[in-house]
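Notes follow the structure.
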Amino acid sequence: MLIAGNWKMFKGPREAEAFVSAFQPPSGVDVVVCPPYASLAAAVAAGLSVYAQNVHWEREGAFTGEVSAEMLLELGVRGAIVGHSERRQHFGETDETAARRAARALEAGLAVIACVGETEDERERGETEDVLARQVSVLPNGERIVVAYEPVWAIGTGKTATPDVAAEAHAFVKTLLDRPVLYGGSVKPENAEDLLAQPDVDGALVGGASLDVDSFSAICRTAASIRS
Ligand code: PEP
């Protein structure tokens, strides 16, 4: 079971250091935090397993604003998120660019959390499986990649997929890529148990609730208690 905290564009180096110093990961669950680039070094130095929120597919070059897998590894970062829906919505990320990022990161030795998920309109039109198939089919396979099923309508909205909806989507994703699947979308201490107890839910990618030490700790403890 993996619980990953996506801090998005929150917490500079001082706040990152304070969070990691105050946070005690429980045993029986893998925990990572994903700070913004500026805070990666502070979080690594404070002693937690750290992933970046993105990674580029080239080693170096004229790619203003991007960061390579080699640079992340040099900092002590162990993995990266790719294809987050906020990257797709606001920064032109596509299935193909997300897949290229994932492939390069795996090749360089980083772990990858590859995000997939349908929008509300796509779900209402009955296109959820088509969208997931399109997004997942281009991803590389490998021992160090996990998928995060993040229905776009549930991210940062307070709307959470029901455990049944999540279980169905996770089972479908696993027919396409036989790797662990995390659930993401308004996971909180109050709903973590119901979601994480589903058989095909192998962990969570947590946004808002990962910014607070107490709520992130509560979710991690719930995960530890379910699989132990
Ligand atoms: C996310 O950022 O991946 C996420 C799931 O956010 P939230 O938990 O805030 O919905």
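Tabulated results
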| quantity | calculated |
| --- | --- |
| Set VAL77, VAL67, VAL82: member being open to solvent by less than 40 Å² (accessible area, probe 1.4 Å), within 16 Å of the ligand (Cβ to nearest atom) and within 17 Å of TRP7 (Cβ to Cβ) | VAL82 |
| Flag for ALA114 being hydrophobic (A, V, I, L, M, F, W, C), within 30 Å of PRO13 (Cβ to Cβ) and buried (at least 17 other Cβ atoms within 10 Å of the Cβ) | yes |
| From the options VAL201, VAL213, residue that is open to solvent by 20 Å² or more (accessible area, probe 1.4 Å) and touching a Phe, Trp or Tyr at 6+ places or on another chain (Cβ under 8 Å) | VAL213 |
| Residue within segment 148-160 that is part of a strand (DSSP E or B), within 14 Å of the ligand (Cβ to nearest atom), under 23 Å from ALA197 (Cα atoms) and in contact (Cβ under 8 Å) with a residue 24 or more places away in the chain present | yes |
| Segment 161-174, subset modelled with pLDDT of 95 or more and within 15 Å of the ligand (Cβ to nearest atom), residue nearest to GLU118 (Cα to Cα) | ALA169 |
| Conditions (1) under 17 Å from VAL206 (Cα atoms); (2) of a type outside the set (S, T, N, Q); (3) free of Cβ contacts under 8 Å to residues at least 60 places away in the same chain; (4) not in a helix (DSSP H, G or I); number of the one not met by HIS170 | (4) |
| Any pair with Cβ under 8 angstrom, 6 or more apart, that starts in segment 178-189 at a residue that is more than 14 Å from SER210 (Cα to Cα) and ends at one that is outside any loop (DSSP other than H, G, I, E, B) and open to solvent by 10 Å² or more (accessible area, probe 1.4 Å) | ARG179/VAL146; PRO180/LEU2; PRO180/VAL146; VAL181/VAL146; VAL181/LYS174; LEU182/LEU2; LEU182/VAL146 |
| Counted residues, segment 1-30 - those being within 13 Å of the ligand (Cβ to nearest atom), open to solvent by 30 Å² or more (accessible area, probe 1.4 Å) and either part of a helix (DSSP H, G or I) or not aliphatic (A, V, I, L, M) (or both) | 2 |
| Total residues in segment 185-197, condition buried (at least 20 other Cβ atoms within 10 Å of the Cβ) and away from the ligand (no atom under 12 Å from the Cβ) | 1 |
| Answer from LEU177, LEU182 - the residue that is more than 16 Å from the ligand (Cβ to nearest atom) and in contact with a strand residue (DSSP E or B) (Cβ under 7 Å, 6 or more places away or on another chain) | LEU177 |
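Quick grid of which residues meet (1) free of Cβ contacts under 8 Å to residues at least 40 places away in the same chain; (2) outside any strand (DSSP E or B); (3) on the phi > 0 side of the Ramachandran plot:
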{"residue": "ILE81", "(1), (2), (3)": "no, no, no"}
{"residue": "HIS90", "(1), (2), (3)": "yes, yes, no"}
{"residue": "GLU93", "(1), (2), (3)": "yes, yes, no"}
{"residue": "GLU96", "(1), (2), (3)": "no, yes, no"}
{"residue": "ALA102", "(1), (2), (3)": "no, yes, no"}
{"residue": "ALA105", "(1), (2), (3)": "no, yes, no"}
{"residue": "CYS115", "(1), (2), (3)": "no, no, no"}
{"residue": "GLU118", "(1), (2), (3)": "yes, yes, no"}
{"residue": "ARG123", "(1), (2), (3)": "yes, yes, no"}
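The values are calculated or read from the model by the stated rules, or taken from the named source; none is laboratory data. Because the structure is predicted, anything quoted here is derived from the model rather than measured. With ideal geometry, Cβ positions are generated from the backbone for all residues, glycine too; neighbour counts draw on all protein chains shown. To get the accessible areas, we keep the full protein, side chains included, count just its heavy atoms, and leave off ligands, DNA and RNA. Shrake-Rupley method; radii C 1.70, N 1.55, O 1.52, S 1.80 Å.
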